[in-house]
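Scroll down for the structure; my scribbles are underneath it.
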Amino acid sequence: MHPNPAFRQMPDKANRSFAQKCGFGILSVNGSEGPLLSHVPFLLSDDGKVAELHLVRSNPIVRTLSEPEPAVVAVSGPDSYVSPDWYGIDDQVPTWNYVAVHLRGQLIKEPQEKLRGLLDRLSARFEADLLPKTPWVSGKMSDGVMDKMMRQIVPIRLEITSIDGTWKLGQNKTDEVRSNAASQMDASGTGHETRHLSALMMAPSKA
């Protein structure tokens, strides 16, 4: 997380809602030879205390989970390079604005019998974003196929101890200067979801 407190003023509810809506992040644990990373979809509980996910059984992270392991899920949002010329004032330097939330806690391997329910909840969560499409359900699978595939993956939960967010939106600049940069970003930003980030910069207190 960025150390500047100006970028860490969003309430806990905003950080939690952001992570819930994204539902995808980078899981990281410490391995014997260095950090282990995996890109994972997840379900975050409404109270922000538990994230549910699954991993392929052969994933090296799974092999670390004979006991609960400290872990973090990094959830990335929009980001963009910010040119110093965009501010309209002198003596500025390049930077990168972004939104990111970290879910930190203990990673635990769940009993295998919890997997089917988890997979159904995950698919229901993301299929709901595709309405009016008729949601896919696991019951559409041919007999035995789902069970065979599930043998290759394991259910995991992250018992969350903290949720931290950085919303680096130029809050350390005046409204006019930040608006200048946001307008230029909207027109020619380079990064991910630059127009979304530009809109957040226009009114960072309402993000």
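Restricting attention to segment 155-207, the residues that are more than 22 Å from Pro5 (Cα to Cα) and either assigned to a helix (DSSP H, G or I) or among the aliphatic types (A, V, I, L, M) (or both) total 13. Residues in segment 44-57 that are touching a residue at least 24 places away in the same chain (Cβ under 8 Å) and not acidic (Asp, Glu): Leu44, Gly48, Lys49, Val50, Ala51, Leu53, His54, Leu55, Val56, Arg57.
Considering the conditions (1) surrounded by 13 or more Cβ atoms within 10 Å (Cβ to Cβ); (2) in contact with a strand residue (DSSP E or B) (Cβ under 9 Å, 6 or more places away or on another chain); (3) modelled with pLDDT of 95 or more, Thr161 is excluded by exactly one of them, (1). Do any residues in segment 15-29 that are at positive phi have Cβ atoms under 9 Å from those of residues that are in a strand (DSSP E or B) and surrounded by fewer than 23 Cβ atoms within 10 Å (Cβ to Cβ), where the two are at least six apart or on different chains, and which pairs are they? Between residues of segment 15-29 that are at positive phi and residues that are in a strand (DSSP E or B) and surrounded by fewer than 23 Cβ atoms within 10 Å (Cβ to Cβ), the close pairs are Gly23/Pro41; Gly23/Leu43.
Can you pull out the residues in segment 8-44 that are in a strand (DSSP E or B), farther than 14 Å from Ala100 by Cα and within 15 Å of the chain's Cα centre (by Cα)? Passing the criteria: Ser28, Leu37, Ser38, His39, Val40, Pro41, Leu43, Leu44. In segment 62-99, which residue that is surrounded by 14 or more Cβ atoms within 10 Å (Cβ to Cβ), under 22 Å from Ser45 (Cα atoms) and not hydrophobic (A, V, I, L, M, F, W, C) is farthest from the chain's Cα centre (by Cα)? The selected residue is Pro68. Among residues of segment 169-184 that are at pLDDT 95 or above and crowded, with 22+ Cβ neighbours inside 10 Å, those with a beta-carbon under 6 Å from a residue that is among the hydroxyl-bearing types (Ser, Thr, Tyr) and part of a loop (DSSP other than H, G, I, E, B) at least six positions away or on a different chain give the pairs Ala181/Tyr87.
Looking at this structure, is Asp12 under 27 Å from Ser198 (Cα atoms), among the acidic types (Asp, Glu) and loosely packed, with under 14 Cβ neighbours inside 10 Å? Answer is yes for this residue. Whenever a residue of segment 114-137 is under 11 Å from Glu52 (Cα atoms), its partners that are in a helix (DSSP H, G or I), lying with C-beta atoms within less than 6 angstrom and at least six residues away or across chains, give the pairs Leu115/Met150.
Being part of a helix (DSSP H, G or I) and not hydrophobic (A, V, I, L, M, F, W, C) is the filter; apply it to segment 100-121 and report the residue that is surrounded by the fewest Cβ atoms within 10 Å (Cβ to Cβ). Looking at the filtered set, the residue picked out is Glu113.
The values are calculated or read from the model by the stated rules, or taken from the named source; none is laboratory data. Please read all numbers here as calculations on a predicted model, not as lab measurements. Please note: Cβ atoms are built from the backbone with ideal geometry, for glycine as well, and neighbour counts cover all protein chains shown.
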